[in-house]
Amino acid sequence: MKKFIFPLAAAVMMAVFYLWSPFNAAGDKNEALMESGGKLLIPQRNVAIAAVSLKDANLEFTRARDIVGLRALQEAFIALPGVSKVESILSVSRVILEGDDIIISRAIPPEDEDVTDEYLAELSGEMASFPELAPYISAEQDTLLFYVYYANSISPLEIYRGLKALQAEWPLPFDFTGRAPIIAAAESLLTKDVSLFFPILGIMVIVILSLFRSLMAVFMSLGLMSIAMAASWLFVGFLGIANSPLLLLIPVFSLGLLSDYLIHYFYHRLYSPLTAPEVSLKKLLMFPLSLTALSTLIGFLSLSLINGSGHLQLGILTAFSVALTWLGVFYWCDLAPCRKSAKPLMVHFQRFQGRLFARITKYRYLYFAAIAAALVWGILSLSKITIEPYPIGQLPPATTIKKADAIINDKFFGSVPFFIEIDTGEANGMLKKSAMLELDRIHRAVDKAETGFSYSVLTVLKQMHYYFTEERDTFLSTAQYDDFYDALIEQYLLYFSSGVEPAEYESMADSSYRVFSIKGLIYYRDYNDLDSFIGLLHSLEAEFPENWSMEIHGMARQLETEHNNLRGNWILSFTGGSLLIFIMVLIFYRSLSLAALSLIPGFVSMIISFGFIHLAGISIDVFSIIFVSIITGLVIDYSIHTLAALNHLGDIQSLEGAFSEIIGFSGIPIFLSFLTSLLSFSVLFLSSFRGARSLGFLLFVSLVLSFFFSLYLIPLIILPIKLNRRKTNG
């Protein structure tokens, strides 16, 4: 009866997860200006940008019927699921002088009959006088941009699919870009070809499991992995986490990771020569497999630090499936009737490894020197490795995203929005002339750095001042307004606020005139562009007046945060796993030297991997970082099983014989696990997407290094010492 408890409990759990999964609502469309963390209403960072080439569509900006016809496209964008608002030349306002009145009016009148060829021709000639229109129409007036704002809760995949569907059905061609579409497109390309090779991958894993010559072992292994994957998928749905294209990587990772527990278990149950009938298999494997599971949990749960649409799902799903597999191995497989095989497994492999190790030992100092040289190479390469939070470079040039990005960088001011919130530290602080001069200094520094485009309350004030005085520069340069400068600013802003949308005004300045903002766009070729921009802002902040402070929001801040998260994920996964293995080995074996030795394979593997990463020209991004989570668990697994084999060694008569015993106890299952993981992850090499191949390369190199350093390096250090000690003691 006990053997049915685990599958029944898993079935009940899956039923609960399925029946009580929350309904994923479309999100609140009022989230467009509701980002928390600032004192102003901060424009939504979840924005896609669509580029329409008037020239390619045989349209002209000065032809009324063409511009009126574009309203349908704007309405189509607004109708997309989760869209909060759409900004374009069709909806944006400007400050104009009409007779003796200064008013805020739409650049393109809302009524179709008011849009005439003559009006558009006049607007075309005046375009340079309205900097607020620059983000929406190119200087040549042959390209328009539509900024499509989404609610926070809308996933990148939903945004990407909605825009792709509209692009396919709409007669007017357009391209689009944005952080969400870039992530979703990269994830889709990463997994596009992988599903084609699932049958081949499954067959390869079955072949490896068949080496155990036990149908019970094969069926229970496949059954447990299937239960773990299915229950984990239902669990993340129960948590309300949306599906992403990265879901297709789960079978690849699961077959490579979950099979490890089953391979070790069934090998020791069926073949291990050191597993006597009176020895509890659960007691023997509980420590190494538990430590492997814990390190894998740390690695994959740390993926939640990354804001890719699928990383939270991938991390939790893999972690949960590992936990279920661990439970299934000890509380289900352990109850199955399996008879120990009388015929040993892979005897020739075991003997060959013993002879090979004896030869390597003779030249071990050359081996150590080569490792030391590789470590120096890896350390020197570390400073040259780039971290790239914006994976647009992974996309093929022909994609709509790369086309839109090229158009925006060429004809406009970049595709990464920023929003800077400046606090003067006192009420009415921005009404002072000194505050406006400081704001002007910021604008000039930003413009000089070729940031792209910046817009603030000062831009509006200069425009208002021009209509009142027909001079822009005197707003800051003359002293004639100094006695009533605060009243002048208030008067200008009163005019402006009466005609503009309240949300837009409240994103520019607060009601106490203490806080104001600068927003704009920056060019982004790689993270160095953003890093230079952030550095410029901090250098400006260092020269702020006393009590002034600055906060950066928007996509620019988000990318900076994700850059730091990528670096933090690497450190957390590696150091967390290393610290775990050190503490557990110290507790279990009560040997400080053995605990320190257990860290060597992981440390050496990771450092040398840096060299290969730099050699291959791979940037650490939201996809390639996944390799750290996988390798952290596997290198600890290999190291712990090797240490367990060393702990079970009896009296050492020769290096060859001792290493053969290690291979017989742990080396064979380590090799089979290594082979299964290698075959599973090699599927990524078959992808047409460069990002998938890069991830496959990192996994391949790191896996090979982890295998050889764990299985060979630790015995290469310990066994000669033990043998010499035995000879010395007689």
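Derivation of every value follows stated rules applied to the coordinates shown; laboratory data play no part. Note that the structure is predicted; figures quoted are calculated from it, not measured. Note that each Cβ is placed from the backbone with ideal geometry, even for glycine, and that neighbours are counted across all protein chains shown.
Things worth noting here:
- Annotation: the chain has a Kirkwood hydrodynamic radius of 29.3 angstrom, from the mean reciprocal C-alpha pair distance.
- Under a model in which nothing but the beta-carbon of Lys, Arg (+1) and Asp, Glu (-1) is charged, the chain shows a dipole of about 6940 debye around its Cα centre.
- In range of the label at Ser512: residues from the stretch 540-564 whose backbone nitrogen is under 17 Å from the point 7 Å along Cα→Cβ: 547-551
- Net length gained if the chain between Arg590 and Lys282 were fully extended (0.36 nm per residue, minus Cα distance): 108.8 nm
- Here the extension length gained between Ser532 and Ala76 equals 160.4 nm, from 0.36 nm per residue of separation less the Cα-Cα distance.
- Over the residues of the chain, the helix contribution to mean residue ellipticity at 222 nm works out to -19000 deg cm²/dmol, using -39500 (n - 2.57) for each DSSP H run of at least 4.
- In the chain the longest region clear of chymotrypsin sites (Phe, Trp or Tyr not before Pro) that are loop-assigned by DSSP and have at most 12 other C-beta atoms within 10 Å covers 364-730.
- For Lys340, a cut-off of 30 angstrom between C-alpha atoms picks up these lysines, skipping any fewer than 8 places away in its own chain: Lys2, Lys3, Lys282, Lys283.
- Helix 485-499 and the long axis of the chain differ in direction by around 80°, with both axes built from C-alpha atoms.
- Inter-label distance, nm, simple model (7 Å from Cα along the C-beta direction), Ile360/Lys340: 2.9 nm
- Residues Leu494 and Phe198, FRET efficiency given R0 of 56 Å [Cβ-Cβ distance, rounded to 0.05]: 0.30
- Nitroxide proxy distance, nm - points 7 Å out along Cα→Cβ at Glu501 and Phe708: 6.0 nm
- The stretch between Gln653 and Met550, if pulled fully straight at 0.36 nm per residue, gains 30.0 nm over its current Cα-Cα span.
- Each residue of the stretch 12-22 is assigned a 3J(HN,Hα), and the resulting list reads 4, 4, 5, 5, 4, 4, 6, 6, 10, 5, x Hz, derived from the Karplus form 6.51 cos²θ - 1.76 cosθ + 1.60 (θ = phi - 60°), x at Gly and Pro.
- Separation of the Arg65 and Thr561 label points, Cα + 7 Å toward Cβ, nm: 4.9 nm
- Unit charges on C-beta of K, R, D, E only; dipole of the stretch 425-547, Debye: 160 debye
- Volume per residue that the Cα convex hull of the stretch 309-458 spans, once the total is divided by residue count, Å³: 343 Å³
- Amide H contacts for Ser84 (H built 1.01 Å from N in the peptide plane; partners 5 or more residues away or on another chain; cut-off under 5 Å): Tyr149, Tyr150, Ala151.
- Restraint check, Lys164/Lys192; Lys55/Lys164; Lys384/Lys448; Lys433/Lys519; Lys39/Lys462, Cα-Cα greater than 18 Å: Lys55/Lys164; Lys384/Lys448; Lys433/Lys519; Lys39/Lys462
- Residues listed by number, the stretch 527-542, amide nitrogen under 18 Å from Ser434 label point at 7 Å toward C-beta: 541-542
- Once the Cβ-Cβ distance of Asn243 and Thr386 is raised to the sixth power relative to R0 = 41 Å, the FRET efficiency obtained is 0.85.
- Pairs of alpha carbons in the stretch 425-547 whose separation is greater than 19 Å (percent): 51 percent
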